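Chemist: Next up is a structure, given as structure tokens.
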Amino acid sequence: MDEQMNDASFDREIESLLAVEPSPEFVARVRARVAEEPEPRRWWTSWTLAVAGAVAVVILAVIAWPSREPAASVTTAIPAPRISEIVEPVTPPIASLPPATSQAVRRETPTPIAYAVTTSGDRVIDIDLPAVVLAENEVRTFATLVASIRQRRFDVAVPAAPDLDAPIEIKELPPVEPIEIEPIVKLAVLQAEGERP
Amino acid sequence: MHERADCLASDFVTVDEDLAREFEARLVESSTLAFRVAFSVLRQREDAEDVAQEAFAKAYRSFRQLRERDRFRAWLVRMAFRMAIDRQRANKRRLVREGVEAGLQARLGSATTGDTVLANERAEQLWLAIDALPEKLRLVIVLAGIQGHDIREVATLLDVPDGTVKSRLFLARQQLKERLSWMNR
């Protein structure tokens, strides 16, 4: 009983120690302090931003990553000219072309050829065309063909296309004559066979 | 599309307003509790108000992320208690650095009559005994002493079973009595 009384008085004593009220302006001060705080962040907003950033970084990395093409070991790389443009390739003349060697495969470092495009305004624009892999003998043959055309050795005029709308003329066929076949003489053959020994 | 966006934005505004209103309600109902928890450690009104204020600011920053809003008081109490302990340690370090004797007599004010002197001495002894308790026992005895919290309320605030509160209260009282009797010898 004394113990319980003791506990109760003890608790009252502690309660009286803690019965302290904050100042009247305390709540107002807390409100002002909270008002100074930035707006609480939404957790999903920060997560969305983080994910979007990560995706953007991955896409940029994939785009910016240098692509490694396999080195052409048997062929020569030259840039492909555009047919629709006036292109003057800097190719050696036919006379200076090296003779075809018996060695079918040459291992040379591909050297892209610079192309100069001449426009009507006397401007020369260098175009860096993408490299096209071609066999060396094909390159040489094509250069020879181009040079020959330039020197007008070949008539490269394209024949006119036939007029599909024009009426078709059908010539009359010659009359059919009966065929006469002479009868086959069998007796002579038989006699000749009988005369054999 | 724009209507959807407007609808979404208005929803967010509504949610923000609801949160602000809810926090205001929590502030009104828990301000004295936070202050008293801080005061039980610091025993200086200004310091206790500062700490309680910072605890509320911290609670506000994370209020949106608090899933169980019913746990706000428990959350605030633990935060205020920890922050008060940190402040007390910082104050002690500062006093040691400045070479000032930290006497409780000066804090409790000037006593004029004999009864007041005795009451202040008793209060000082009790505070010193509470300070000497381990943190777990100290928080239980303080929370039980604030606003007449019963065992269940203290258990809810500390998120522990009722039996744990009972045993901690028993141990705390025992240690306080022993220490006070030792002081009175």
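The values are calculated or read from the model by the stated rules, or taken from the named source; none is laboratory data. Treat the numbers as computed from the prediction; the structure is a model and nothing was measured. For neighbour counting, all protein chains shown are included, and Cβ atoms are generated from backbone atoms with ideal geometry for every residue, glycine included. For accessibility, only protein heavy atoms count, side chains too; no ligands or nucleic acids. Shrake-Rupley method; radii C 1.70, N 1.55, O 1.52, S 1.80 Å.
Chemist: From the protein chains alone at 1.4 Å, what is the descending order of accessible area for B:Ile130, A:Ile63, B:Ile151, largest first?
Modeler: A:Ile63, B:Ile151, B:Ile130
Chemist: Now for a separate question. Counting protein heavy atoms only and a 1.4 angstrom probe, how many square angstrom of accessible surface do chains A and B bury in total, to the nearest 100?
Modeler: 3400 Å²
Chemist: Now for a different question. Residue by residue through region B:148-157, what is 3J(HN,Hα) from phi via Karplus (6.51 cos²θ - 1.76 cosθ + 1.60, θ = phi - 60°)? Round to whole Hz and write x for glycine and proline.
Modeler: Each residue's phi maps through the Karplus curve to give x, 4, 8, 4, 5, 5, 5, 4, 5, 5 Hz.
Chemist: If you count only protein heavy atoms with a 1.4 Å probe, what accessible area per residue comes out for region B:17-78, rounded to a whole Å²?
Modeler: 43 Å²
Chemist: Would you kindly find the accessible area of A:Arg33, with a 1.4 Å probe and non-protein molecules such as ligands, DNA and RNA excluded, rounding to the nearest 10 Å²?
Modeler: Roughly 40 Å² of A:Arg33 is accessible to a 1.4 Å probe.
Chemist: Quick check: pseudo-label points 7 Å beyond the Cα along Cα→Cβ at B:Arg61 and B:Glu98, how many nm apart are they?
Modeler: 2.6 nm
Chemist: Sticking with this one: Out of residues 5 or more away from A:Ala131 or on other chains, whose amide H comes under 5 Å of its own, with H placed 1.01 Å from N in the peptide plane?
Modeler: none
Chemist: For region B:37-96, just say rounded, prolate or oblate: build the C-alpha gyration tensor, square-root its eigenvalues into a ≥ b ≥ c, call rounded for a/c under 1.5, and beyond that prolate if a/b exceeds b/c, oblate if not.
Modeler: Prolate shape, in that a/c is at least 1.5 and a/b is the bigger ratio.
Chemist: Select from region B:51-83 all residues whose loss of accessible area on going from the chain by itself to the full protein assembly reaches 30 Å² or more (probe 1.4 Å).
Modeler: Listed in order, they are B:Gln53, B:Ala57, B:Tyr60, B:Arg61, B:Arg64, B:Gln65.
Chemist: Separate question: According to a simple spin-label model (label point 7 Å from Cα along Cα-to-Cβ), what is the distance in nm between A:Asn6 and A:Val57?
Modeler: With each label point 7 Å from Cα toward Cβ, the separation is 6.5 nm.
Chemist: I need the calculated FRET efficiency for the pair A:Ala35 and A:Trp65, taking r as the beta carbon distance and R₀ as 35 Å, to the nearest 0.05.
Modeler: Plugging the Cβ-Cβ distance into 1/(1 + (r/R0)^6) gives 0.10.
Chemist: A further question on this structure: Separation between the B:Asp70 and B:Ser167 pseudo-spin-labels, each 7 Å from Cα along Cα→Cβ, expressed in nm?
Modeler: Calculated label separation equals 2.6 nm.
Chemist: Continuing with this model, one more query. For region B:47-88, run through the GluC sites (Glu not before Pro) and keep only the ones in DSSP coil with at most 16 other Cβ atoms within 10 Å of their Cβ.
Modeler: B:Glu68
Chemist: If you don't mind, there's one more thing I want to ask. Run the 1.4 Å probe and let me know the accessible area of B:Glu17, rounded to the nearest 10 Å².
Modeler: Its heavy atoms expose roughly 90 Å² to the probe.
Chemist: Counting only other chains, what is the mean number of Cβ atoms within 10 angstrom of the Cβ of each residue in peptide A:28-36?
Modeler: 5
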